[in-house]
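Comments concern the structure below.
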Amino acid sequence: MPSLVGRDVGHTGYGLMRMTWVPQPPPQEQCFEALNTALAHGSNFWNAGELYGTPEYNSLHLLHSYFAQHPENADKVVLSIKGGLKPGQLVPDGSEANIRRSVDECLRVLDGKKKIDIFECARQDPKTTVEQTVTVLAQLVKEGKIGGIGLSEVDAETIRRAHKVHPIAAVEVEMSLFDLTILQNDVAKVCAELNIPIVAYSPLGRGVLAGAFTTAADIPDGDFRKTLPKFQDEAMKQNIKLVNEVNDLAARKGVAPVQIALAWVLTLSGKPGMPTIIPIPGGTTSAKVAQNLQAPRLTDAEMAEIDAILKRNEIVGTRY
C-alpha cells in the first residue's frame with residue numbers, strides 16, 4: 001500500500017477539481033455521496049485546491065461542509081491542497097507573504113474541520129527559486145500549519161533542488177496514456193531515485209479516455225480543453241486512434257475504457273525504475289467514482305499490448 005506523510009493511502013486517490021471548478025457545480029449532497037463512495041472503496045488520499053473555484057467558493061469550502069457533516073472521516077483522509085497563486089487568479093506568487101496568505105486562508109476556510117496534510121504551490125513562480133518556496137513551506141511545517149510539502153508541475157532538476165532543502169512528500173504532474181511526458185523527461189526517474197511518490201493528475205487524458213469527446217467539435221465553447229494543441233482538429237484525428245484501440249482492449253477484457261487507462265498507471269507504479277504512482281481521477285457521481293476505483297491490474301501481456309498501441313499511435317500536439 002502506498003504511503004504519504006507517513007500515512008497509508010489507497011492505490012488510487014481522488015481529485016476534487018470538477019466538484020467546484022465548473023460553471024455549474026454539482027449539488028453538494030451529490031458531492032458528499034461521491035466522497036463517501038471514495039472512502040468506502042479505500043480512496044483516502046484527496047487532492048483539492050484553493051484555485052478550484054473562486055475565493056468565495058472553492059474545494060476548501062466544500063470540504064469544510066463535508067467534514068462538518070462527517071467529522072468521523074477527517075482523520076481517515078490524507079488531504080493535499082494546491083495554492084500559492086494570487087487570489088482569484090491563475091498567476092503564481094511565490095513570495096513568502098502570499099504563500100503564508102494562501103495557507104492561512106485555506107486553514108481559515110477549513111476552520112479546524114480538517115488539517116492540511118500536504119500543501120503545494122500549484123505552479124512554481126518564475127520570480128522566486130524553488131529553494132525559497134520550499135524554505136517558506138518548511139517553516140510552515142515547523143509551525144504545524146501543514147504536514148508536508150508537495151511540488152506541482154515541476155521538472156526533474158527542480159525536484160532534486162527542492163528535495164535538498166526539505167523532504168518532498170509528493171510530486172503532482174500530469175500522466176496518462178494520453179500524456180507520457182514524465183516518462184520521457186526524467187521526472188519519473190528522479191522520483192524513483194529519491195523515493196518520492198508521484199500524484200498523477202488527469203489520468204483519463206483530460207476526459208478523452210473517458211469518452212467525453214471524440215472530435216474537436218465535441219468540446220463545448222468556453223472549455224479550456226478546446227485551446228489545447230492535442231485537441232485541435234488535425235491532432236484529434238490522429239490522437240483518437242489511440243483512444244479507439246484502448247476502447248477495443250477494454251471491450252475484449254470486459255471492463256470500461258477508464259478502467260484500462262487507470263489500470264495502466266497502477267500497473268506501472270513501483271515497477272523497477274518507476275516510483276509509486278497514485279492516480280487521482282475525479283468523478284462527480286458515486287457510480288463514476290466506484291467505477292474508477294475498481295480498475296483491474298493488467299497482465300504482462302496486456303501491458304505489452306498497450307506498449308505496442310502507444311508506439312503505433314504516438315500522440316501529437318503539445319500539452320499547452
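The values are calculated or read from the model by the stated rules, or taken from the named source; none is laboratory data. Just so it is clear, the structure is predicted and the values come from calculations on it, not from any experiment. Note that each Cβ is placed from the backbone with ideal geometry, even for glycine, and that neighbours are counted across all protein chains shown. Keep in mind that these areas ignore ligands, DNA and RNA; they rest on the heavy atoms of the full protein, side chains included. Shrake-Rupley method; radii C 1.70, N 1.55, O 1.52, S 1.80 Å.
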Heavy-atom surface of region 111-220, accessible at 1.4 Å and reported per residue (Å²):
40 Å²
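Report the full-extension gain for the segment THR214 to ALA290: residue separation times 0.36 nm, less the Cα-Cα distance, to one decimal in nm. Working shown, then result.
Working: separation 76, 0.36 × 76 = 27.36 nm, distance 2.38 nm.
Between THR214 and ALA290, full extension yields an extra 25.0 nm.
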Given charges at Cβ of Lys, Arg, Asp, Glu: region 69-160 dipole, positive-most of LEU151, GLN89, THR128:
GLN89
Residues with amide H under 5 Å of TYR52's amide H, sequence separation 5 or more or different chain, H placed in the peptide plane at 1.01 Å from N; which?
SER59
Helix 300-312 against the longest principal axis of the chain: what's the angle in degrees, Cα atoms only, rounded to the nearest 10?
80 degrees
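Taking the radius of gyration and the Kirkwood hydrodynamic radius from Cα positions alone, what is the Rg/Rh ratio for region 107-157, to two decimal places? Walk me through the numbers on the way to the answer.
On the way: Rg = 12.0 Å, Rh = 11.9 Å.
Rg divided by Rh gives 1.01.
Ratio to report: Rg/Rh of the chain, with Cα atoms as the point set and Rh obtained by the Kirkwood method; give two decimals.
Values: Rg = 18.9 Å, Rh = 20.0 Å.
Rg divided by Rh gives 0.95.
Only Lys, Arg, Asp and Glu count, each charged at its Cβ (+1, +1, -1, -1), so figure out the dipole size of region 275-316 about its Cα centre, rounded to 20 debye. Mind showing how you got there, number by number?
Details: 4 positive and 5 negative charges, 40 e Å.
Computed charge dipole of region 275-316: roughly 200 debye.
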Take every DSSP beta bridge whose two residues both sit in region 1-134, then give the antiparallel share in percent to the nearest 5.
25 percent
Give me the accessible area of MET1, 1.4 Å probe, in Å² rounded to the nearest 10.
150 Å²
Take every DSSP beta bridge whose two residues both sit in the chain, then give the antiparallel share in percent to the nearest 5.
15 percent
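Let me know the charge dipole size of region 97-216 about its Cα centre in debye, to the nearest 20, where only the beta-carbon of Lys, Arg (+1) and Asp, Glu (-1) is charged.
Details: 15 positive and 16 negative charges, 82 e Å.
Dipole about the Cα centre, nearest 20: 400 debye.
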Give me the compactness ratio for region 166-287, meaning the Cα radius of gyration over 2.2 N^0.38 Å.
1.12
Grab the alpha carbons of region 1-57, take their convex hull, and tell me the volume per residue in Å³.
84 Å³
Per the rule of 0.36 nm per residue minus the C-alpha distance, extending GLU72 to GLU157 adds in nm 26.6 nm
Of the accessible area of region 23-152, with the probe set at 1.4 angstrom, what percent is carbon plus sulfur?
53 percent
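Using a 1.4 Å probe over the heavy atoms of the protein chains, calculate the carbon and sulfur portion of the accessible area of region 186-292 as a whole percent. Working shown, then result.
Values: 2210 of 4310 Å².
Summing carbon and sulfur atoms, their accessible area is 51 percent of the total for region 186-292.
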Taking the alpha-carbon distance from LYS86 and a cut-off under 16 Å, which lysines remain once sequence neighbours fewer than 8 residues away in the same chain are dropped?
LYS127
Residue-by-residue Karplus 3J(HN,Hα) for region 18-25, coefficients 6.51, -1.76, 1.60, Hz, glycine and proline x:
6, 6, 9, 9, 9, x, 10, x
List the aspartates and glutamates whose Cα sits under 18 Å from the Cα of LYS253, skipping any in the same chain fewer than 8 residues away.
GLU245, ASP300, GLU302, GLU305, ASP307
Given pairs LYS164/LYS271; LYS271/LYS311; LYS76/LYS115 and cut-off 23 Å on Cα-Cα distance, the over-length ones are LYS164/LYS271
State the antiparallel share, in %, of DSSP beta bridges confined to region 52-195, rounding to the nearest 5.
25 percent
